[in-house]
Amino acid sequence: MIVGTEAVVGAWINAFIVMMCCIDRFKNKFLGAGDKILMFLAANRFCFLIAGMLQELYRTLSPAIYYKYIHRGVRAILWFFISSNLWLAACLCVFYCVKIANFNHSLFIYLKLKISSTVPVLLLGSELLSLVNTFPFFSMIYIPQGDIPNATATGNITVNQIQRHTDLFKIFLYCGLGFFVVLVIFIISALLLLISLWQHARQLRDGFSGYRSPRMATHVRAVKIITYFLVTYLVNFVALMVLLMDIFSEDSALNTLCTVIVYACPSMHSVMLILTNPKFKKAFLQTLQRGSCKW
């Protein structure tokens, strides 16, 4: 019930972001590079939450068929969306860092000039990396042990009766390595933004211009977004690894808690992206206000 509710709410939040980006595209005949990443990220999270909700529903109603025929395939699909979500979020962090931070190094200046035109390549690369990283889930990580007990389509067995072997080494190899690379990207982006923010604050102080400036506000907003996602990312990583390694029984309270965390973290980051975007925030609050008035 909790997972289903947060999946529906999260799907609605991410659908709102996609809708706002589409409205901008049709209204202005143009969509900025950052908004393209944001739209792809929100669309990916929408698909992840819908797929996760369907998985939980099918696993509950028909566990025998689920574990015998589609368990590995469903986990592979979910992992594709999770991996894609991480890489797209990393692309967004890199984009913020390159566009907002200011350094005089020639390489950084070159990246600042070219980053918008390379966004389609970054999006395609994120999807390809996620796709390659998904293949092991189909046959190499979850291996059934013995026969799955017979049951009707409605399911007369519990998940504890189903035996399967989980290759922990391959989970750490294929999942942990990808998480580590993305974590490094987040940390580097955050550090570069903090250094740029410190340099800009020092320039304002030396020039007696005060600390309130549009660039300063942009720096602070970007640092907040990346820092917030870094925290949720680490919490999400721990919960996800617990689920993937099958440490606890699937009907245990700890396993349920980890499932709630995995589905909640992406939506929480999407809310953060909405609230730190003035245009999205205004439309979002208006939508909530209209909805509350109808109720």
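The values are calculated or read from the model by the stated rules, or taken from the named source; none is laboratory data. Quick caveat: nothing in here was measured; it's all calculated off a predicted structure. In this analysis, Cβ positions are derived from the backbone assuming ideal geometry, glycine residues included, and neighbour counts consider all displayed protein chains.
Filtered by the rule that a residue be touching a residue at least 24 places away in the same chain (Cβ under 8 Å) and either of a type outside the set (D, E, K, R) or closer than 25 Å to F172 by Cβ (or both), the stretch 274-295 gives I274, T276, F280, A283, F284, T287.
Could you say which residue among V231, V260, V271, V238 is closer than 26 Å to L191 by Cα, β-branched (V, I, T) and touching a residue at least 40 places away in the same chain (Cβ under 8 Å)? Can you show your working first?
Numbers: V231 fails: touching a residue at least 40 places away in the same chain (Cβ under 8 Å); V260 fails: closer than 26 Å to L191 by Cα; V238 fails: touching a residue at least 40 places away in the same chain (Cβ under 8 Å).
After applying the criteria, what remains is V271.
Being over 23 Å from the mean Cα position of the chain (by Cα), aliphatic (A, V, I, L, M) and more than 24 Å from D246 (Cα to Cα) is a description that does not apply to A89.
Of a type in the set (A, V, I, L, M) and crowded, with 22+ Cβ neighbours inside 10 Å: does that describe I50? Considered against the rule, which asks whether it is of a type in the set (A, V, I, L, M) and crowded, with 22+ Cβ neighbours inside 10 Å, I50 comes out as no. Looking across the stretch 72-113, just one residue is aromatic (F, W, Y) and not in a helix (DSSP H, G or I), and that is F103.
The number of residues in the stretch 235-252 being at pLDDT 85 or above and exposed (fewer than 14 other Cβ atoms within 10 Å of the Cβ) comes to 1.
Quick check, is V223 within 20 Å of the chain's Cα centre (by Cα) and modelled with pLDDT of 85 or more? No: the conditions fail for V223. Restricting attention to the stretch 85-122 and to residues that are in contact with a helix residue (DSSP H, G or I) (Cβ under 7 Å, 6 or more places away or on another chain) and either at positive phi or of a type in the set (S, T, Y) (or both), the residue that is modelled with the lowest pLDDT turns out to be Y96.
When N133, N160, N150 are screened for being assigned to a helix (DSSP H, G or I), at pLDDT below 75, more than 30 Å from Q199 (Cβ to Cβ) and among the polar types (S, T, N, Q), only N160 passes.
Suppose the filter is without any contact (Cβ under 8 Å) to a residue 40 or more places away in the chain and surrounded by fewer than 20 Cβ atoms within 10 Å (Cβ to Cβ); does L113 pass it?
Numbers: without any contact (Cβ under 8 Å) to a residue 40 or more places away in the chain: yes; surrounded by fewer than 20 Cβ atoms within 10 Å (Cβ to Cβ): yes.
For L113, the condition - without any contact (Cβ under 8 Å) to a residue 40 or more places away in the chain and surrounded by fewer than 20 Cβ atoms within 10 Å (Cβ to Cβ) - is met.
Got a sec? Which of L177, L191 is at negative phi, of a type in the set (A, V, I, L, M) and modelled with pLDDT under 80?
L177
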